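**Q** First the structure, which I've put down as structure tokens, then a few questions once you've had a look.
The values are calculated or read from the model by the stated rules, or taken from the named source; none is laboratory data. For clarity, every value in this text was computed on a predicted model and none was experimentally measured. Cβ placement follows ideal geometry from the backbone for every residue including glycine, while neighbour counts extend to all protein chains displayed. Areas reflect the complete protein model, heavy atoms only, side chains present, ligands, DNA and RNA absent. Shrake-Rupley method; radii C 1.70, N 1.55, O 1.52, S 1.80 Å.
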Amino acid sequence: MKIIRSIKGTRDFYPDEMARRMWLVDKLRQASEAFGYQQYEGPCLETIDLYAAKSGEELVKEQAFVFPDRGGDPITLRPELTPTLARMIASKQNELVFPARWWSFGPFWRYERPQKGRTREFYQWNIDLIGSDSVQADAELVSVAATFLKLVGLKSDQVQILVNDRRLMDRKLTEIGIGQDKKPEMLRMIDRIDKQPADVWEQNVADLGFSQEQIGKIRELLANRELWRESVELSQLFDFLALNGLDEYVRYEPKIIRGLDYYTGVVFEAHDVKEGFRAILGGGHYANLVGDVGGQPLPGVGFAMGDVVVMLVLEAFGLIPEELTHGETVLVTVFNEELLPDSMRLASELRSMGFGVVLAEPEKLAKQFKYADRLGLKKALVLGPDELAVGKVVVKDLRTFEQVVVDRDQIIASLK
RNA sequence: GUGCCUGUAGCUCAAUGGCAGAGUGCUUCACUGUGGAUGAAGAUGUUGAGGGUUCGAGCCCCUCCAGGCACCCCA
């Protein structure tokens, strides 16, 4: 029989993979809550109008899944969360407490060519601090990101958060004599300088009408690791990060610009240092979150992290725990048909004591143990005629192969 | 959306245009109260799909599908 294929770019999460995802969520929840952020969620379906105002052109026109509903109205599967957040904030702008610290984790869809680190359906952690324009706020979000990286076990020599400030770059471009109208083009080119060979890049920049002198100065600019000292904001940002003890995870990088147009200040991306994966997370400061959806102007800072790349990185560094499923679940064997009621009662008792219990079926004990082993369970109980006669139970450790005979009331202690 | 590469057993891979294989895993038994080992036996394939060339195609050609890599974009 032919199995009907899943939609291109989607993934099935079998129990082991689901356990890994939930482990990831647990970590990012910890990082979020460590800074007092509250979880929220919006709909996965939105109108196309919501994105028309805010998102990058390409993100909506080329990459969003859009299809008519049964009434013929266009429905969009959300390609990002920020516009939804903007609406939610704008709708209750007068009753929410600001600055608002919110985080979310959920599915998103983008019609892209699937490849390593990129799927069409992915999960994304979004976290934003809305209603503050301070450097403190910027530093806080970078700190949340660094805290997360630390929590999952990544070291600062494995992964780095690269930071820049668009205001600083804007000033430097002015100094080089690049007019306001040409800046977006130049910023785009800077953003992708490492993706093209040096000569190709220079040719492309020259084709846009920039002079050789300007190109030279841009190269100089991008090689200057100390450029951040010219920015009051970045200097302060690094001070704050040092106070949080997280500065080793963060470094200045003048090439970081980021594609989305709404970033107006500090921008940052986390990358692995050696393997060259895609960006693990990315975000920045925006001047006006809700203006385009009809609210009063509100600044903020936030970032997003997809589940795909971070899991690839964690996998590469061997940081995903092996045994995530069934840790505390025990197996109660069934000696034979006659003793099934006794095993069932035992299982029931254990459940009422808070244990997860898998009740086996009456087969050869060897099969039952093998089943427990393959499920990844750590303990198995045997209740046979011998044990039943003396009111005891065999508790077997499936890892060490050791087993002990214990009284019924001592089961809990032996399951620790 | 563009270019290039790949697709053989559950997994990793072999097979000059000439009988589809190995390792591993899986099932059963040795072992009717015990899953790690050992030994024995066994099952599993429309070689991604469809078409073409050929006496003959896993291998060559075309189309499609899926995956990977680089663009594009970005989490």
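**Q** Are there any pairs with C-beta distances below 7 angstrom linking a residue in region A:255-267 that is over 17 Å from A:LEU59 (Cβ atoms) to a residue that is of a type in the set (Ser, Thr, Tyr) and at pLDDT 80 or above, with the two at least 6 apart or on different chains, and if so which?
**A** A:THR264/A:TYR286
**Q** Run A:GLY291 past the list (1) more than 27 Å from A:ARG11 (Cα to Cα); (2) within 15 Å of RNA strand B (Cβ to nearest atom); (3) among the small types (Gly, Ala, Ser) and report the number of the one that doesn't hold.
**A** A:GLY291 satisfies all of (1) more than 27 Å from A:ARG11 (Cα to Cα); (2) within 15 Å of RNA strand B (Cβ to nearest atom); (3) among the small types (Gly, Ala, Ser) except (2).
**Q** In addition: Considering only strands (runs of 3 or more DSSP E) fully contained in region A:231-349, which possess at least 1 residues that are aromatic (Phe, Trp, Tyr) and at pLDDT 95 or above?
**A** Fully inside region A:231-349 and qualifying: A:250-252, A:263-272, A:300-306.
**Q** Still on this structure, I have one more. Mind checking which residues of region A:391-407 are surrounded by fewer than 16 Cβ atoms within 10 Å (Cβ to Cβ) and within 14 Å of RNA strand B (Cβ to nearest atom)?
**A** Once the filter is applied, which keeps residues that are surrounded by fewer than 16 Cβ atoms within 10 Å (Cβ to Cβ) and within 14 Å of RNA strand B (Cβ to nearest atom), region A:391-407 yields A:GLY391, A:ASP397, A:ARG399, A:THR400, A:PHE401, A:GLU402, A:VAL404, A:VAL405.
**Q** Pick from region A:69-90 the residues that are open to solvent by less than 10 Å² (accessible area, probe 1.4 Å), over 19 Å from the mean Cα position of the chain (by Cα) and aliphatic (A, V, I, L, M): which of them is nearest to A:ARG11 (Cα to Cα)?
**A** So the residue we want is A:ALA86.
**Q** Quick check: is even one residue across region A:156-170 more than 30 Å from A:GLN30 (Cα to Cα), open to solvent by 80 Å² or more (accessible area, probe 1.4 Å) and out of contact with any Phe, Trp or Tyr (no Cβ under 9 Å at 6 or more places or on another chain)?
**A** yes
**Q** Give just the number: which of (1) more than 12 Å from RNA strand B (Cβ to nearest atom); (2) without any contact (Cβ under 8 Å) to a residue 24 or more places away in the chain; (3) of a type outside the set (A, V, I, L, M) does A:GLY276 not satisfy?
**A** (1)
**Q** For region A:171-190, how many residues meet the condition of being open to solvent by 80 Å² or more (accessible area, probe 1.4 Å) and at pLDDT 90 or above?
**A** 2
Quick grid of which residues meet (1) at pLDDT 95 or above; (2) more than 21 Å from A:LEU324 (Cα to Cα); (3) basic (Lys, Arg):
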| site | (1), (2), (3) |
| --- | --- |
| A:GLU361 | no, yes, no |
| A:LYS367 | no, yes, yes |
| A:LEU377 | no, no, no |
| A:GLU402 | no, yes, no |
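**Q** Residues in region A:133-166 that are out of contact with any strand residue (DSSP E or B) (no Cβ under 7 Å at 6 or more places or on another chain), outside any helix (DSSP H, G or I) and among the polar types (S, T, N, Q): how many?
**A** Residues in region A:133-166 being out of contact with any strand residue (DSSP E or B) (no Cβ under 7 Å at 6 or more places or on another chain), outside any helix (DSSP H, G or I) and among the polar types (S, T, N, Q): 2 in total.
**Q** With the structure loaded, tell me whether A:MET353 is at pLDDT 90 or above and open to solvent by 60 Å² or more (accessible area, probe 1.4 Å) or whether it fails that test.
**A** Yes; evaluated as a whole, the condition is true for this residue.
**Q** Pull up region A:91-130, narrow it to residues that are surrounded by 19 or more Cβ atoms within 10 Å (Cβ to Cβ) and assigned to a loop (DSSP other than H, G, I, E, B), then point me to the one that is farthest from RNA strand B (Cβ to nearest atom).
**A** Per the stated criteria, the residue is A:PRO99.
**Q** Would you mind telling me which numbered condition in (1) touching a residue at least 60 places away in the same chain (Cβ under 8 Å); (2) within 16 Å of A:ARG110 (Cα to Cα) A:TYR40 fails?
**A** The single condition A:TYR40 does not satisfy is (2).
**Q** Given the conditions (1) within 26 Å of A:ASP133 (Cβ to Cβ); (2) open to solvent by 50 Å² or more (accessible area, probe 1.4 Å); (3) without any contact (Cβ under 8 Å) to a residue 40 or more places away in the chain, and given that A:PRO197 satisfies all but one, which numbered condition is not satisfied?
**A** (1)
**Q** Given the residues A:LEU381, A:LEU388, which is the only one that is more than 8 Å from RNA strand B (Cβ to nearest atom), over 23 Å from A:ALA19 (Cα atoms) and either surrounded by 13 or more Cβ atoms within 10 Å (Cβ to Cβ) or among the small types (Gly, Ala, Ser) (or both)?
**A** Testing whether each residue is more than 8 Å from RNA strand B (Cβ to nearest atom), over 23 Å from A:ALA19 (Cα atoms) and either surrounded by 13 or more Cβ atoms within 10 Å (Cβ to Cβ) or among the small types (Gly, Ala, Ser) (or both) leaves just A:LEU381.
**Q** I would also like to ask the following. For region A:290-348, which residues satisfy the criterion of being more than 21 Å from the chain's Cα centre (by Cα), in contact (Cβ under 8 Å) with a residue 24 or more places away in the chain and under 25 Å from A:ASP49 (Cα atoms)?
**A** Hits for region A:290-348 are A:VAL290, A:ASP292, A:VAL293, A:GLY294, A:GLY295, A:GLN296, A:LEU298, A:PRO299.
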